[in-house]
1. Anything in the range 63-111 that is of a type in the set (S, T, N, Q) and within 18 Å of I46 (Cβ to Cβ)? List them, or say none.
2. What pairs come up if the first residue lies in the range 49-63 and is within 16 Å of I39 (Cα to Cα), the second is in a loop (DSSP other than H, G, I, E, B), and their beta carbons are under 7 Å apart, counting only those six or more places apart or on different chains?
3. Out of the residues in the range 44-67 that are over 15 Å from D83 (Cβ atoms) and of a type in the set (V, I, T), state the one that is surrounded by the fewest Cβ atoms within 10 Å (Cβ to Cβ).
4. Identify the residue in the range 92-111 that is among the aromatic types (F, W, Y) and either more than 24 Å from I16 (Cα to Cα) or exposed (fewer than 13 other Cβ atoms within 10 Å of the Cβ) (or both) and, among all such residues, is nearest to the chain's Cα centre (by Cα).
Amino acid sequence: MLTKKRKGKKEKNKMIVLDSFIKALYKVVDLFLSIYVWIIIARAIISWVSPYPYHPVVRFLYRVTEPVLAPVRRIIPPIAGIDISPVIVIFLIYFIQNILRQLMFRYYFLG
């Protein structure tokens with residue numbers, strides 16, 4: 001009888017740790033995606049003012065965002081000289097964040 005209680009308590013502790021890990025992982029991914037959206041916005045704003053291309057901030061923004069924006073730009077080229085790839089990527093990021101939020105809601109509340 002005592003062994004069953006110990007096993008039950010151990011299993012409950014394992015589930016608490018797993019739930020905490022999943023929740024923390026979700027928060028880290030959500031935070032990363034939110035920061036990435038702001039980096040994309042910063043790059044779009046900087047592209048309007050023709051910055052010095054060798055400035056470290058400009059190089060960082062281009063180096064971080066170009067791997068994501070380039071494939072989108074290949075699929076949807078600039079329209080009338082306006083590059084809409086940042087807008088599309090931001091929408092995709094918000095879509096991913098919404099899906100993750102829904103999955104977390106179902107995991108925790110509908111279990």
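Bear in mind these aren't lab numbers, they're just calculated from the coordinates by the rules spelled out. Quick caveat, the model's predicted, so the values are computed rather than measured. Cβ sites come from the backbone with ideal geometry, for glycine too, and all protein chains shown count toward neighbours.
1. Initially, the range 63-111 is screened for residues of a type in the set (S, T, N, Q), giving 65, 85, 97-98, 102.
Selection gives T65, S85.
2. Cβ pairs passing all conditions: V58/P51; V58/Y52.
3. Within the range 44-67, the first condition is being over 15 Å from D83 (Cβ atoms), and the residues that meet it are 51-60, 63-64, 67.
From what's left, of a type in the set (V, I, T): 57-58, 64.
Working: V57: 11, V58: 16, V64: 15.
The selected residue is V57.
4. If we filter the range 92-111 for residues that are among the aromatic types (F, W, Y), which is where we start, we get 94-95, 105, 107-109.
Checking which are either more than 24 Å from I16 (Cα to Cα) or exposed (fewer than 13 other Cβ atoms within 10 Å of the Cβ) (or both) leaves us with 94-95, 105, 108-109.
Numbers: Y94: 8, F95: 10, F105: 17, Y108: 20, F109: 23 Å.
Across the range 92-111, the extreme among qualifying residues is Y94.
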